[in-house]
Amino acid sequence: MVDLKAKPFYLTDDDIAWVQTTLAGMTEDEKIGQLFCLVAYGSDEGYLKHLALDVKPGGLMCRAMPAQEVVETTRVLQENSRIPMLIAANFEKGGDGIAFEGTTLGSPMQVAATDDDSMAYRLGVVCGREGAAVGANWAFAPIVDIDLNWRNPITNTRTFGADPERVRRMGVQYVRGVQEQGMAAAVKHFPGDGVDERDQHLVTSVNSLSCDQWDATFGSVYQACIDAGALTIMAGHIMQPAWSRRLNPALADKDLLPASLSPELIMGLLRERLGFNGLVVTDATAMAGMAIPMPRAQAVPQAIAAGCDMFLFTRNLDEDFAYMKQGVADGVISAARLDEALTRILGLKAALRLHRKQAEGSLTPSLDRALQTLGNAEHQAWAAECADRSVTLVKNNDAILPISPDRQKRVLFYDLRGSESFFDGGKTPPHEIFMHLLAQEGFQVQRFDPSRGLEGLMQPSTAVTEQYDLIIYLASLATKSNQTVVRIEWAMPMGANAPIYMTSVPTLFISVENPYHLIDVPRVQTYINTYSASETTLKALVDKLLGRSSFQGISPVDAFCGLWDTRL
């Protein structure tokens, strides 16, 4: 059922013997445990030992934390696991996906804005090197979703853009870069996000392309990544009705399922049509997109029965483990399907040489060596180059650039921010960094504070037009799970911070996280996208605003949102 000598495993006879011997020696509970990839937010030793010794999961994903905690987490897990564990993280932007000290090379869209495939390769290399340094061996990346719908609230700068060909090329380069460092790539989110305007975290979303359209876009991207040797693919809670119906014409609309639960999409489309032989892991199973189609007791074993090999996270560990065990007992997961999934899990571990490293005693990372790799000079130089080459001047109709404190000393600053993310990690907000950089250059920066007056009682326009030489907006509204739209919410009263003075005072609008804000400020004459709010990117931005370097970025998406008035 699984060819371990073929792509992407390429195992030797000795490696295959380890897989077979290990599988034969597992109890039923150990087999069920291996199906799970759990999550850790910290290095609590008691909790981690409980997982390794009692639950015995196949893998664990680390949320970003200090390097010392990551190293301790991987040490405790690997030292207490009979079967070496897969250690994953969301390596989407760089090594900072697992360790705070890691390099933020750039968001996928920032990388795409350089229009240089080698930058995507570098992103993979940075993620592979820095992840491996702290003990990780599995990258939940690259994201090869195609941002076809600018209203999608979750894809956005997490993608390589809207051009399927660029997404294909850069996805392949990331796979090459990360897997050359001994880390498995997990290409996501099959069958592809970015078509719907809804978020699979909150609802089962839909890839509504026809079969031919899907083949020419997402299908081409996944086929290229498979051909490049991607070891794993992540199945999203996303439906693809056209292919589901073609593969099973008897399906009624109510019976259509997301890929994470769909045998048509996993076994039919991914395995048989695209020829993928590697491991399939579900996306996070606490998402509403998986919970909506069927009861939890049914969905947990159905994910494995449908063809997924690993189950990512749980809603409640004890309950989900019991549901999975019951699914095996009831035959929902056949003995053959269970062994097939476990063969791929163990095969992946063997392909990553985890069993050999365990025997050699080299699975546990060194904190000193990790700190030498995380954020090293070469990686920081790559990040600076990516920032310099990606900042995009989308619209420049009023010739106010470059700016200068000699001509435009008095700056009125509007900071537009979204809600703080649970995973922000206490970083300095971009508006604070940007204001500090402007002040260092000699600008007098005043943050806008809306008055409370209503009609007839608002501040006079001259309070702005006669006191400031330049107005700068900095929008930092990043896409996040559990939100339904990424649009500017203007201040009360009456949109007090909207750009109503731009015909009187030169106005510059900068978006550091979302390339589509022209929908809400269509008549702004100077508009810039940076695709990332890192300090490195903000420094590159200031250099360009002052004319010390040129704008080189190309827009990977239609920043004008398909509208005529955004171009005025």
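So if I check each of Gly442, Gly425, which one is out of contact with any Asp or Glu (no Cβ under 7 Å at 6 or more places or on another chain), surrounded by fewer than 17 Cβ atoms within 10 Å (Cβ to Cβ) and modelled with pLDDT under 95?
Residue meeting the stated conditions: Gly425.
For segment 156-206, enumerate the residues that are surrounded by 24 or more Cβ atoms within 10 Å (Cβ to Cβ), of a type in the set (S, T, N, Q) and part of a loop (DSSP other than H, G, I, E, B). Correct list: Thr159, Gln200. Between Arg337, Arg356, the distinction of being within 25 Å of Val71 (Cβ to Cβ) and of a type outside the set (Asp, Glu) belongs to Arg356 only.
Yes/no matrix, rows are residues, columns are (1) farther than 22 Å from Asn529 by Cβ; (2) under 16 Å from the mean Cα position of the chain (by Cα); (3) modelled with pLDDT of 95 or more; (4) outside the structural domain of Ile488 (by TED's automatic domain parsing):
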position: Pro153; (1), (2), (3), (4): no, yes, no, yes
position: Gly161; (1), (2), (3), (4): no, yes, yes, yes
position: Met183; (1), (2), (3), (4): yes, no, yes, yes
position: Val187; (1), (2), (3), (4): yes, yes, yes, yes
position: Asp193; (1), (2), (3), (4): no, yes, yes, yes
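When Leu251, Leu265, Leu257 are checked against the criterion of being assigned to a helix (DSSP H, G or I) and in the same structural domain as Leu342 (by TED's automatic domain parsing), a single residue qualifies: Leu265. Per this entry, Ser476 is counted among residues that are of a type outside the set (D, E, K, R), surrounded by 14 or more Cβ atoms within 10 Å (Cβ to Cβ) and touching an Asp or Glu at 6+ places or on another chain (Cβ under 7 Å).
Condition (residue is outside any helix (DSSP H, G or I), over 24 Å from Gly327 (Cα atoms), aliphatic (A, V, I, L, M) and without any contact (Cβ under 8 Å) to a residue 12 or more places away in the chain) applied to segment 208-231: is it met by at least one residue?
Start the filter on segment 208-231 by keeping residues that are outside any helix (DSSP H, G or I), which leaves 208-210, 228-231.
Pick out the ones that are also over 24 Å from Gly327 (Cα atoms) and you get 208-210, 228-231.
This time we only want the ones that are aliphatic (A, V, I, L, M), so: 209, 228, 230-231.
Within this subset, residues satisfying the condition of being without any contact (Cβ under 8 Å) to a residue 12 or more places away in the chain are none.
No, segment 208-231 contains no residue that is outside any helix (DSSP H, G or I), over 24 Å from Gly327 (Cα atoms), aliphatic (A, V, I, L, M) and without any contact (Cβ under 8 Å) to a residue 12 or more places away in the chain.
Within segment 354-395, if we keep just the residues that are in contact (Cβ under 8 Å) with a residue 24 or more places away in the chain, hydrophobic (A, V, I, L, M, F, W, C) and farther than 21 Å from Asp543 by Cα, the residue that is surrounded by the fewest Cβ atoms within 10 Å (Cβ to Cβ) turns out to be Leu367.
Considering only segment 267-276, I want to know if a residue exists there that is of a type outside the set (A, V, I, L, M, F, W, C), in contact with a Leu (Cβ under 8 Å, 6 or more places away or on another chain), under 19 Å from Val187 (Cβ atoms) and surrounded by 24 or more Cβ atoms within 10 Å (Cβ to Cβ). No, the conditions are met nowhere in segment 267-276.
Restricting the first member to segment 116-145 and to residues that are free of Cβ contacts under 8 Å to residues at least 24 places away in the same chain and closer than 19 Å to Glu385 by Cβ, and the second to residues that are among the small types (Gly, Ala, Ser) and surrounded by 24 or more Cβ atoms within 10 Å (Cβ to Cβ), no beta-carbon pair is closer than 9 Å while six or more apart or on different chains.
The values are calculated or read from the model by the stated rules, or taken from the named source; none is laboratory data. Note that the coordinates shown come from a computational prediction; the quantities given were computed from them, not determined experimentally. Ideal geometry is used to build each Cβ from the backbone, glycine not excepted, and the neighbour counts take in all protein chains shown.
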